[in-house]
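Every number here is computed from the coordinates shown, using simple stated rules; none is lab data. Since the structure is predicted, the reported quantities are computational estimates derived from the model, not experimental observations. A quick note on method: Cβ atoms are made from the backbone with ideal geometry, for glycine too, and the neighbour counts reach across all protein chains shown.
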């Protein structure tokens, strides 16, 4: 029932109460006058008349009381309506400010990471975190929810799940073939399902692409993504009144992790929907030399080509250093440092030495790079 209809019924009730009181008075006084005749000087008659007045005023007072109660009820309903309107307005304003603050802080995170990435849809991320929030409801806290099987049921619980998954993947003791690909899939899930970000700017060598879609994940600087992932996750957890995750539990700059991903993505794996950008001339040849130099050891497990290995290992320890190879002068300097050591070692080797064939192939690759 609308408010206008309720108000109209209250007014009608007041009119009817007044009308009933009036008609009752007319009937009582008319009947009394017709029954007793002209004004009497007897005390008994006046006593009877006083009783009549008392009865009438009791009826009138009852009607006035009912009318007053109806008036107060209407006033209370009006006040409730005003209070509800104010409450709705406050809730709407709180929702707008809450969402605005969240999105502004996402922008601050982008700036803090030198605008290397953008959030794909900040409003979608907010709605995913706070699915119940809207113009008529605004909650500040979101609990982590898992079902009976331990599966996550909202984004907060998924953050904890994905984080523990990364801790497990980064901290294994042995890296077998295909491990780098499994780790990449975990990183992609975190990138897409939790962070909802996309890289900005030109592609870099080492960037991961999944189904030709670029990601803010570079196998030569995995720690860049992990730092951003932890920082964004902790922002969301703080904003929803949850405990933060400890980023120090993930050893993202581990050379073993980097080598595992290089092993998988510089050589084909079963599922090649995940690829890495390798546009710099000679980068695949240098990676192959780096891998071979790492494996060639003497009887005391020392590197046979320590300068070559350390030079290339340093290059492949950073996405910036790898992409610096696009500069011919830098590439030439790296190649010459390696050629010098490989050439000296070949002169000392006998043709029938166990590693002669391997070192000779490395020399051929380096000479081809120098003569490019």
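Quick notes
- Each principal axis of the Cα cloud of segment 106-167 was taken in turn, and the coordinate range along them, longest first, works out to 41, 39, 17 Å.
- For segment 283-370, the Stokes-Einstein estimate of translational diffusion at 10 °C and a viscosity of 1.306 mPa s comes to 120 µm²/s, using the Kirkwood hydrodynamic radius over alpha-carbon pairs.
- Length gained on full extension, residue 61 to residue 153: 26.8 nm, using 0.36 nm per residue less the C-alpha separation.
- Relative to one another, the C-alpha centroids of segment 147-187 and segment 295-325 are positioned 30 Å apart.
- Evaluating kT/(6 pi eta Rh) at 10 °C and 1.306 mPa s, with the Kirkwood radius of segment 119-276 over Cα pairs in the Stokes-Einstein relation, gives 95 µm² s⁻¹.
- Estimated FRET transfer efficiency (residue 143, residue 172; beta-carbon r; R0 25 Å; 0.05): 0.20
- Highest-first packing order for the peptide set 298-305, 160-167, 208-215 is 160-167, 208-215, 298-305, based on the mean count of other beta carbon atoms within 10 Å.
- Taking every C-alpha pair closer than 8 Å and separated by at least 6 residues, the mean separation divided by the residue count of segment 283-370 gives a relative contact order of 26 percent.
- As a rough footprinting exposure proxy, the listed residues 261, 358, 90 were ranked by other beta carbons within 10 Å of their own, and the order from fewest upward is 90, 358, 261.
- Inter-label distance for residue 364 and residue 301, nm, one decimal - labels placed 7 Å from Cα along Cα-to-Cβ: 3.2
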